[in-house]
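Here the structure comes first, spelled out in structure tokens, and everything after it is commentary.
The values are calculated or read from the model by the stated rules, or taken from the named source; none is laboratory data. Here the structure is a predicted model, which is why all the values come from computation and not from measurement. Cβ sites come from the backbone with ideal geometry, for glycine too, and all protein chains shown count toward neighbours.
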Amino acid sequence: MYTEKVLEHFRNPRNVGRIEDADGVGKVGNPLCGDVMVMYLRIRDDRIEDAKFETFGCGAAIATSSMATELIKGKTVEEALRVTNRVVAEALGGLPPHKMHCSVLAEEAIRAAIEDYRAKRQRT
Amino acid sequence: MIYLDYNATTPCDPRVVEAMLPFFREHFGNPSSLHRFGQEARQAVEKARSVIARSIGARDEEIVFTSGGTESNNLAIRGVAQALRKKGNHLVTSSIEHHAVLNVFRALEKEGFAVTYLPVDREGLVHPEDLRKALRPETILVSIMHANNETGVIEPIEELSRIVREHGAVFHTDAVQTVGKVPIQVDDLGVDLLSASAHKFYGPKGVGFLYVRKGTRLAPQILGGHHERGRRAGTENVPGIVGMAKALEVAQDEMCEEARRVGTLRDRLEEELQARIPDIVVVSRGAPRLYNTSLVLVEYVEGESLLLNLDFEGICVSSGSACTSSSLEPSHVLLACGYPHALAHGSIRFSLGKWTTEEEISRVVSVFPGIVEKLRAISPFGKAR
């Protein structure tokens, strides 16, 4: 039911972990629905230098987290906001229909982390 | 490959396959035909019926052959509800039934029946007091499973059926997980109807039976010819029926030995996993349980991730997590037992069987802790912040 690419990212997820003193942190999902994703970003001059994640969830949730962090690394904040759930799912060679919500979560995590970054910047 | 999903299905015992083979080619007749081909097939079907009836302490005419557990449950529940509708419209079941039971009741609710879903305690047991309180004058049918497919918990059917009998209602039990695993005598259990499925006890898929106590009124659900005394139309699945009878015979011969051997392996699995992995729960460990089933909840990680990682290692198990089905809800059984959502998402079911070996259990015990550790490292939960 999963593509090779999904299984590969699930098996060897990239960018697992936390960034201490991250410039933006986005936490989305809730344990009720079964998936929780936390994304950490290090941003310099509006460019995402590093991205890491922690995820509680199924194979698709972990693979989309991994792919999402890969996709946004090196991008500007504006570019990263254009990484939608479809982009993440397509980069993985597709997801089963009932797993699309996992990719939505990845998109939301990116947005939440960037919003957090922008809010922090306004404060300083 | 290590197969630990025997509650989902079992491979056919080679003796079962042997017994079935002649009925595909030489003895292919339709049991309803009057010529010798037909009569040969008829004899085989009736012999199988006797074997099955005898093994559960029933009479031959009380066994109805079906296409499996789901059909048996549908026939029992819908069949009684429709036949006794004039007597009353209230039905009772438990909240931990298999979907082949639960969804029949939900459909009947839409058709105007009132249904009470009994709660269970933390161990997954239905309490006789709750049943007593649920019964109404218009209650016509109670259906409570013998053993739960996820937890393996065995419900106190003798006690529950006594209450229902005194009340004058019909009692059905879904015994799909117990037939072939534990001794069953319908009079001891006190049931009026009992569902079974061959592929859960090393028989073929696509065949099962429903025990129907003499005098129990039942509206047929599949209409056609006068097969199975008018209770289930359709040409009998002769090879399947022969295979099911053989499977039950073999299961009965080997039951004590299997219970001891498999039970020892299951207990070892649980002990070693608990010793090696922090923050796991063995569900219903203190309750009467099937000797082959172990449902483990792993905190901070999700069941499908565990399942996939085990599959990478060649170990095949099940998970009751939402993500293994197309719904987003975790196991209704675990939620009914009162486990929180997050924990219910992290369930892994090991179900052992006839070909499970000591070495396989050792392999699981050596591999599983590493998988849990890896996934916990990815998870945002359960770490000291």
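Points to keep in mind about this one:
For every residue, the table says whether it meets (1) surrounded by fewer than 24 Cβ atoms within 10 Å (Cβ to Cβ); (2) farther than 22 Å from B:TRP355 by Cα; (3) outside the structural domain of B:GLY240 (by TED's automatic domain parsing).
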{"position": "B:MET145", "(1), (2), (3)": "no, yes, no"}
{"position": "B:ILE154", "(1), (2), (3)": "yes, yes, no"}
{"position": "B:ARG165", "(1), (2), (3)": "yes, yes, no"}
{"position": "B:GLY180", "(1), (2), (3)": "no, no, no"}
{"position": "B:ASP188", "(1), (2), (3)": "yes, yes, no"}
{"position": "B:SER195", "(1), (2), (3)": "no, yes, no"}
{"position": "B:LYS200", "(1), (2), (3)": "no, no, no"}
{"position": "B:LYS205", "(1), (2), (3)": "yes, no, no"}
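- So B:PHE368, is it modelled with pLDDT of 95 or more, under 29 Å from A:PHE53 (Cβ atoms) and within 13 Å of chain A (Cβ to nearest Cβ): no
- Per this entry, A:ASN30 is not counted among residues that are within 17 Å of B:LYS374 (Cα to Cα) and within 11 Å of chain B (Cβ to nearest Cβ).
- Hits in the range A:12-59 - residues which are of a type in the set (Lys, Arg) and buried (at least 23 other Cβ atoms within 10 Å of the Cβ): none
For every residue, the table says whether it meets (1) of a type outside the set (Ser, Thr, Tyr); (2) within 14 Å of another protein chain (Cβ to nearest Cβ); (3) in contact with a Leu (Cβ under 7 Å, 6 or more places away or on another chain).
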| residue | (1), (2), (3) |
| --- | --- |
| A:GLU20 | yes, yes, no |
| A:VAL25 | yes, yes, no |
| A:VAL38 | yes, yes, no |
| A:LEU41 | yes, no, no |
| A:GLY57 | yes, yes, no |
| A:VAL77 | yes, no, no |
| A:VAL88 | yes, no, yes |
| A:ALA112 | yes, yes, no |
| A:GLU115 | yes, no, no |
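To keep it simple, each residue is scored yes or no on (1) part of a helix (DSSP H, G or I); (2) not basic (Lys, Arg).
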site: B:ALA196; (1), (2): no, yes
site: B:LYS200; (1), (2): yes, no
site: B:THR216; (1), (2): no, yes
site: B:GLY240; (1), (2): yes, yes
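- Single residue of the range B:95-141 satisfying the filter (hydroxyl-bearing (Ser, Thr, Tyr) and under 20 Å from the mean Cα position of the chain (by Cα)) that is farthest from B:LEU290 (Cα to Cα): B:TYR117
- Taken over the range B:227-260, residues that are touching a Ser or Thr at 6+ places or on another chain (Cβ under 9 Å), of a type outside the set (Gly, Ala, Ser) and surrounded by fewer than 16 Cβ atoms within 10 Å (Cβ to Cβ) amount to 1.
- Qualifying position, being in the same structural domain as B:SER195 (by TED's automatic domain parsing), under 21 Å from B:LEU335 (Cα atoms) and exposed (fewer than 15 other Cβ atoms within 10 Å of the Cβ), among B:ARG122, B:ARG132: B:ARG122
- Residue match in the range B:201-215 (condition: free of Cβ contacts under 8 Å to residues at least 60 places away in the same chain and over 17 Å from the mean Cα position of the chain (by Cα)): yes
- Residue match in the range B:259-278 (condition: within 14 Å of another protein chain (Cβ to nearest Cβ), in contact (Cβ under 8 Å) with a residue 12 or more places away in the chain, not in a helix (DSSP H, G or I) and not basic (Lys, Arg)): no
- Residue in the range B:186-193 that is in a loop (DSSP other than H, G, I, E, B), over 14 Å from the mean Cα position of the chain (by Cα), at pLDDT 95 or above and on the phi < 0 side of the Ramachandran plot present: yes
- Those residues of the range A:59-75 which are closer than 11 Å to A:VAL6 by Cβ and within 12 Å of chain B (Cβ to nearest Cβ), in sequence order: A:GLY59, A:ALA60, A:ALA61, A:ILE62, A:ALA63, A:SER66
- For the range B:86-144, a residue qualifies if it is part of a helix (DSSP H, G or I), in contact (Cβ under 8 Å) with a residue 60 or more places away in the chain and of a type in the set (Val, Ile, Thr), and exactly one does: B:VAL101.
- Only residues that are part of a loop (DSSP other than H, G, I, E, B) and at negative phi were counted in the range B:173-185, giving 8.
- Here B:LEU310 qualifies as modelled with pLDDT of 95 or more and within 14 Å of another protein chain (Cβ to nearest Cβ).
- Per-region count, the range B:145-165, residues assigned to a helix (DSSP H, G or I) and touching a Lys or Arg at 6+ places or on another chain (Cβ under 9 Å): 1
- Of everything listed in (1) more than 10 Å from every other protein chain (Cβ to nearest Cβ); (2) within 12 Å of the chain's Cα centre (by Cα); (3) within 12 Å of A:ILE110 (Cα to Cα), the single unmet condition for A:ILE48 is (2).
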